[in-house]
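What follows is a set of notes on a single structure, which appears directly below.
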Amino acid sequence: MLGIAIRVAQRMGLHSEAICCEYSPLEAEMRRRLWWALVLFDTRIGEMADYRTTTLTPLWDCKVPLNVNDTDMRPEMTTAPKVQGKSSEALFAVVRGEVGEFLRHSSAHLDFTCPALKILARKAQPDAPAGADEVDIWEKSIEDRYLQFCDPENPLHFMTLWATRQALAKCRLISHYSKHTPGRPTDAQRDAVIPYALRMLECDTIILTSPSAQRYFWLMHFYFPFPAYLHLLHDLRRRPLSKHAQHCWSLMSDNFEARAKCLRRVSPNLLFRTITATVYHAWEVTESALRQAGHSPETPKIVCIMRTWLSKEAVNAAQEAPPNVMTAQSHTALWPTQMHNTPAPADPYTPITGNNAFTGLPPWMTFDISGQMGDSMGTNQPDWSFMNWGL
């Protein structure tokens, strides 16, 4: 249905600014808002289904929606309203559009989605400082035009602030993969990118733990920060005693706890089947390394939460399952012996061999999450492309 909607929108000319300008200012603005909503939704679905969607590209020219209030738009208007202030009722939609506008002209984004279009990527500005990163330039622009005028006490502004900062961190993570894939980054390069993944989790946790953002939790369910989790867990498997390790476990625990409270009433199994085995293995490697170094490991909160949930699910499944059917109890009992008996290589881009190996590919931005996980989650690994992420 989403694909049909995209095609209908294109037939209607929603993607073309020249066609939008043929309509009244009010209808033209509604067309822009609808087009950007469809494009961003389609792009997110593509990410979660490991599909390289080519909707968010430089091949169309629909403008970002205007930063104006709904009351500023009237059917009888013959010219578009002027932006009166730095924020409006449409602020969140406008800034999301700005994020999409940056991505579709970003060489890093096009490198993963449609390399043939990299020739159309945004060129460096003539007045930009030498060696300036495109994400740095864009971040300053967003801060100057929108974020610095946001009031954190306003729920809409609060959501805009932290969702945009999370998007910025993700853009930096994408840029890192674009520059270093499929190379072999040094430890210094690995350490430099860890803060981006941590920032994604931090922003996500701030939103989920804020009472003012509760009305937007439906949207947050749709944006689980998998890139951050996968990057950190891959790094912890290979460098369990790095200087960032303790902080990584702490922020993952805080975020997972916040996510768990939100997802508990939806579908805990959705979270377990996609991340539990990966977390367990990373902790096994870390725990072993700590013991060998003479330390007494303290189990992270994220692992404790998973164990508690699994115990409850095992009891429930045992009570509900008919005879001769494999229950959650028997399934989880397989994990201690099935999970990752092969030691991790020194480099995260080197394939790991073994029955339960990862492929060794860089996480997430290869758009092959299931391939990265390999058989690490056992034979009951769900089909990612059919998972109902919109719950």
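Got a sec? Charge dipole of the range 1-84, +1 on Cβ for Lys and Arg, -1 for Asp and Glu; which of Thr57, Gly46, Ala5 is way out at the positive end?
Gly46
Taking 10 °C and 1.306 mPa s as the conditions, I'd like the Stokes-Einstein D for the range 52-195 in µm²/s, using the Kirkwood hydrodynamic radius from alpha carbon pairs.
93
If I take R0 = 41 Å and measure r between the Cβ atoms of Val83 and Thr54 in this structure, what FRET efficiency does the formula 1/(1 + (r/R0)^6) give, to the nearest 0.05? The partial results should precede the final answer.
Numbers: r = 31 Å, r/R0 = 0.76.
Given R0 = 41 Å and the Cβ-Cβ separation, E is 0.85.
Under the 0.36 nm per residue contour assumption, what length would be gained going from the current alpha-carbon distance of Ser141 and Glu76 to full extension?
20.1 nm
What's the Kirkwood radius of the range 2-133 in Å, using all Cα pairs? Display every interim value, and only then the final one.
On the way: mean 1/r = 0.0621 Å⁻¹.
One over the average 1/r among Cα pairs gives 16.1 Å for the range 2-133.
For the range 24-101, just the Cα set please: Rg and Dmax, both in angstrom.
Calculated on Cα positions, Rg and Dmax stand at 14.0, 45 Å.
Computed FRET efficiency, Cβ-Cβ of Gln214 and Asn69, R0 35 Å: what is it to the nearest 0.05? Let's see the in-between values first.
On the way: r = 24 Å, r/R0 = 0.67.
Efficiency at R0 = 35 Å is approximately 0.90.
How much area per residue is accessible in the range 29-75 when the probe is 1.4 Å and only protein heavy atoms are counted (Å²)? Kindly include the intermediate steps, with their values, before the conclusion.
Values: 2100 Å² over 47 residues.
Result: 45 Å² per residue.
For the range 126-234, report the accessible area per residue in Å² (1.4 Å probe, heavy atoms, rounded to an integer).
Values: 4680 Å² over 109 residues.
Here the residues of the range 126-234 average 43 Å² of exposed surface.
Provide the FRET efficiency to the nearest 0.05 for the Thr186-Glu17 pair, computing r from the beta carbons and using R0 = 56 Å.
After rounding, the FRET efficiency stands at 0.80.
The values are calculated or read from the model by the stated rules, or taken from the named source; none is laboratory data. In this text the structure is predicted, and so the values were computed from the model without any measurement. Glycine gets a Cβ as well: all are built from the backbone with ideal geometry, and neighbour counts include every protein chain shown. Areas reflect the complete protein model, heavy atoms only, side chains present, ligands, DNA and RNA absent. Shrake-Rupley method; radii C 1.70, N 1.55, O 1.52, S 1.80 Å.
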